[in-house]
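I have placed the structure first, in the form of structure tokens, so that the comments after it can refer back to it.
Readers should treat all values here as calculations from the given coordinates under stated rules, not as data from a laboratory. What you see is a predicted model; the values in this text were computed from it and never measured. Here the Cβ positions follow ideal geometry from the backbone for every residue, glycine too, while neighbour counts run over all protein chains shown.
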Ligand code: PEP
Ligand code: MN
């Protein structure tokens, strides 16, 4: 349930209410909006609790949270969550662009890509150091060496780093280097990993599992939020269908669907969503038009020789042209980009 406090409650009043919620065996999440402070009381909620909370002087009203995802729901927090890290802003009227190679391959490759995507307007640099590959014989990533190269690229360019973490025991290591931790599609339902990144105080980019429903996607985000990390961006990266003309099928309707249900920002990944470089630019434009809060795009200086995902990677020149086009769409909608 959501306990809506009367305007401007003191810290003590909020703390007192949190303690009462916890005494009932529920978890209390305090959400301070610009207008109201609410306490989301989540857990095994019994019928009589609502009336008990309603009886307190400092409480304005108590409402049940109908959605299965409680903290992610717009019912709990109607104001949009905006993620800000370095110059990367995702949401709140700004389309944040993250670009870079699928995998970190060498110092030269990362540095060159970072310089070029920055010049084209990206604010985040992506690059996998720990790679989830379908085959155990494929390139698995440069691991910590790759993280060091990403950090060096940040040092020079100021771009915010986004990189994947695949297992709970690497969370501390990856978090020491990166600005945003990415949870890959294959790990969307790795609940121990979700809880582990929920304890980190850095933003999380949560990718949709290739066969996950929207409720499963939102409940995966809920695992992170439930640990106290309020900075989660949801990334639609395409789902598996019967269709074979693209690598995955990219449902852009996810953007307005999710926006009606969650305050979390939505990022579109047209690279994995299509698997085909020539389809990426039009899908970027469409994603901005659909209201996406961010884009994550694979860019490689030499896609033909990329260690992974070359077929869907843009050259820096094509990426720069895509950015130009997207900026026009963003301008038409009064968005910053
Ligand atoms: C990636 O970002 O390179 C990646 C592996 O993405 P996904 O988890 O969406 O497949
Ligand atoms: Mn990739």
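Summary table
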{"quantity": "Whole-number D in µm² s⁻¹ for the stretch 177-275, Kirkwood Cα-pair radius fed into Stokes-Einstein, 4 °C, 1.567 mPa s", "calculated": "96"}
{"quantity": "Residue list for the stretch 190-210, given a label point 7 angstrom along the Cα-to-Cβ vector of residue 240 and an amide N cut-off under 13 Å", "calculated": "209-210"}
{"quantity": "Residues listed by number, the stretch 213-238, amide nitrogen under 17 Å from residue 84 label point at 7 Å toward C-beta", "calculated": "230-233"}
{"quantity": "Relative pair counts by distance (%), Cα atoms of the stretch 2-63, 5 Å bins", "calculated": "4, 20, 35, 28, 11, 3"}
{"quantity": "Label-to-label distance, nm, for residues given as residue 10 and residue 315 (7 Å Cα→Cβ offset)", "calculated": "6.7"}
{"quantity": "Residue 227/residue 260 FRET efficiency (R0 22 Å; Cβ-Cβ; nearest 0.05)", "calculated": "0.30"}
{"quantity": "Extension reserve of the residue 152-residue 108 stretch, reckoned as 0.36 nm per residue once the Cα distance is removed", "calculated": "14.7 nm"}
{"quantity": "Length added when fully stretched, residue 139-residue 167, from 0.36 nm per residue minus Cα-Cα", "calculated": "8.3 nm"}
{"quantity": "Max mean-square fluctuation residue, GNM over the chain, Cα-Cα springs under 10 Å, options 144, 32, 317", "calculated": "32"}
{"quantity": "FRET E, pair residue 253, residue 35, Förster distance 41 Å, beta-carbon r, rounded to 0.05", "calculated": "0.85"}
{"quantity": "Cα gyration tensor shape of the stretch 7-157, rounded if a/c is under 1.5, else prolate or oblate by comparing a/b with b/c", "calculated": "prolate"}
{"quantity": "Most mobile of 204, 183, 39 in a GNM of the chain (Cα contacts under 10 Å)", "calculated": "39"}
{"quantity": "Whether the stretch 132-237 is rounded, prolate or oblate, judged on the alpha carbon gyration tensor where a/c under 1.5 counts as rounded", "calculated": "oblate"}
{"quantity": "Residues 300, 192 arranged by fewest to most Cβ contacts within 10 Å", "calculated": "192, 300"}
{"quantity": "Separation of alpha-carbon centers, the stretch 101-128 and the stretch 284-303, rounded to whole Å", "calculated": "14"}
{"quantity": "Choice from 120, 321, 185 showing the highest fluctuation, given a GNM over the chain with Cα pairs closer than 10 Å", "calculated": "321"}
{"quantity": "Dimensionless Rg/Rh of the stretch 188-337 - Kirkwood Rh, Rg from C-alpha atoms", "calculated": "0.98"}
{"quantity": "For the chain, convex hull of alpha carbons as volume per residue, Å³", "calculated": "135"}
{"quantity": "Burial ordering of 125, 194, fewest other beta-carbon atoms within 10 Å first", "calculated": "194, 125"}
{"quantity": "Net length gained if the chain between residue 23 and residue 202 were fully extended (0.36 nm per residue, minus Cα distance)", "calculated": "61.5 nm"}
{"quantity": "Helix-only [θ]222 nm of the chain, DSSP H runs n ≥ 4, -39500 (n - 2.57) each, per residue, nearest 500", "calculated": "-10500 deg cm²/dmol"}
{"quantity": "Residue order, fewest to most surrounding Cβ atoms within 10 angstrom, among 309, 293", "calculated": "309, 293"}
{"quantity": "Packing-based order for 252-262, 6-16, using average beta carbon neighbours within 10 Å, highest first", "calculated": "252-262, 6-16"}
